Amino acid sequence: MSKNIVIMNGSPRKKGNTSALVKAFTEGAENAGNTVTEFFLQGMDIHGCLGCFGGHSRQACPCVQKDDMSQIYPAVREADVVVLASPLYYWTMSGQLRTALDRLFALEEGDGNLLRGNGKSSALLMAAEGHAFEDAVLYFDHLMEHLRWKNLGYVLAGGNMNTGDVEGKTEMEQARTLGASIH
C-alpha cells in the first residue's frame, strides 16, 4: 500500500548535500510506489511561532499567522510519513526546519490534537561538515516520543564540507534504501 510522504527540507541550499539526501530518499520512496511532497523551507515565507496558544487545529490554517505554513498544514495532516531534512547547524537542525516544526504546534491546539499519534511515522536526513549528530538525534528521538510517531530512523552524512561531497557516499544509498523501505 503506497504512503503519502511529506519532506520538510530545512537546507538553505537547493543543490546542497542535504538536498542530495532528500533526492535519493525521494527516488527510493517513489520507486516503491509512494507519493512524495517536498517543502523547501528556505524558499517559503514562514514566521516564528508567537507562543500565543491561539491555534485551532481543525481550521484549514490552524495558526493565527497567515503565511506559507498554510501549504504545509494540510499536507502534514494527510501525511503518513513526515521526513525532516536538515544540515547540522550548531549541533542541531537548521533554523528553517526548527521554525516550521515549532509552527506545527498549531495542529495540537484548540479543537483537538491532530498531530500527535494518528499512526504517523518520521525519519531524519542530515548532512554536515562534522560528525556530531548526537544532539540533533536526541531532539528527534524526543520529538518522536512526544508526537507518538514511529521512528523510521536516520541517515546522518558527516564529512561533507563542500556542495556535492555527499555524492557517491554510502549515506546516499542509505537514504535511497530508507525511502524504498516505506510501503
Problem set entry | For region 117-154 versus region 160-183, the gap between their alpha-carbon centres in whole angstrom | 16 Å
Seminar exercise, completed: Note, residue 66: beta-carbon cut-off 14 Å, +1 each Lys/Arg, -1 each Asp/Glu, net -2
For this session: Quick one: what are the phi-derived ³J(HN,Hα) couplings along region 29-45, Karplus 6.51/-1.76/1.60 with θ = phi - 60°, whole Hz, x for glycine and proline?
Result: 5, 5, 5, 8, x, 8, 9, 10, 10, 10, 10, 8, 5, 4, x, 10, 8
Problem set entry | Residue-averaged [θ]222 nm for the chain, counting only DSSP H segments that reach four residues, each worth -39500 (n - 2.57) | -10000 deg cm²/dmol
Exercise. Of the beta bridges DSSP finds with both residues in the chain, what % are antiparallel, to the nearest 5?
Worked result: 5 percent
Seminar exercise, completed: Carbon plus sulfur, as percent of the 1.4 Å-probe accessible area of region 1-99, comes to 51 percent
Exercise. Radius of gyration and Dmax for region 22-63's Cα atoms, expressed in Å?
Worked result: 15.6, 42
Exercise. So for region 68-183, Kirkwood radius off the Cα pairs, Stokes-Einstein at 20 °C and 1.002 mPa s: how many µm² s⁻¹?
Worked result: 142 µm²/s
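Counting Lys and Arg as +1 and Asp and Glu as -1, what is the net charge of the other residues whose Cβ lies under 13 Å from the Cβ of residue 17?
Working: positive: 13, 14, 15, 23, 169; negative: 129, 165, 167, 171.
With Lys, Arg at +1 and Asp, Glu at -1, the net is +1.
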For this session: For region 1-117, count the residues as N, evaluate 2.2 N^0.38 Å, and divide the Cα radius of gyration by that value, please.
Result: 1.07
Exercise. With every protein chain left in place, what is the accessible area per residue of region 1-137 in square angstrom, probe 1.4 Å?
Worked result: 43 Å²
Exercise. Tally Lys and Arg at +1 and Asp and Glu at -1 over the other residues with C-beta under 14 Å from the C-beta of residue 116: what net charge comes out?
Worked result: 0
Exercise. Got a sec to turn the phi values of region 131-140 into Karplus ³J(HN,Hα) couplings, 6.51 cos²θ - 1.76 cosθ + 1.60 with θ = phi - 60°, whole Hz, x for Gly and Pro?
Worked result: 9, 8, 8, 3, 5, 5, 5, 4, 4, 4
Seminar exercise, completed: Non-local residues with an amide H under 5 Å from the amide H of residue 154, with H modelled 1.01 Å from N and Pro and chain starts lacking one, are 124
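The values are calculated or read from the model by the stated rules, or taken from the named source; none is laboratory data. All values reported here derive from a predicted model rather than from experimental measurement. Cβ coordinates were reconstructed from backbone atoms using ideal geometry, including for glycine residues, and neighbour counts include every protein chain displayed. Just so you know, the surface numbers come from the protein's heavy atoms only, side chains and all, with ligands and any DNA or RNA stripped out. Shrake-Rupley method; radii C 1.70, N 1.55, O 1.52, S 1.80 Å.
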